[in-house]
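Coordinate-derived values only; no laboratory data. Everything numeric in this text was worked out from a predicted model, so none of it was measured. Cβ sites come from the backbone with ideal geometry, for glycine too, and all protein chains shown count toward neighbours.
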Amino acid sequence: MNLNEEVITLQVPASAEYIDLVRLTLYGLAVKIGFSFEEIEDMKVAVSEACNNAVLYAYGDLDAGVAAQAPQPAPRIEVRFVKKNDALSIIVKDDGRSFDAAAAASRAKPVDGGSIDDLQAGGLGLFLMQALMDDVEVNSEMGTEVVLTKRLVKSGEL
């Protein structure tokens, strides 16, 4: 961490009902930093996607096998907000099943002109995050860590 960075850490249960806490924390911090309403809404959608992926895919089927095993700590998602001079990075980390973003991207293909019924649901979260944020990194070692970065553009800098 740089001396000109501030880090706010939030840890929530890996459950959809707690994603609102992440979004509210993001909103409060982003307003203080000076992001526009539209930029904040984009960041909220991107962070929701990252958290939803952790809930659905990292820990999605743990409940079935946990009953027969010894008690384990409840699955959690750690979210770190890294405030920099000119950007905000949001790091969403889970300790569940890892996700190989490079392999998923290589399997992605353009949508052919077929029927909408032929489309498969899911798998668009990463592309949505990339469209909404300035930079997206996915690290898959012992769980998955998604780093979402939005640069702060002050009025007159365009």
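General remarks:
- Ordering of 86-93, 19-26 by packing [mean C-beta count within 10 Å, highest first]: 86-93, 19-26
- Taking 7 Å steps out from each Cα toward its Cβ at VAL45 and LYS154 produces label points 2.8 nm apart.
- Linear extension gain, LEU3 paired with VAL31, 0.36 nm per residue minus alpha-carbon span: 7.9 nm
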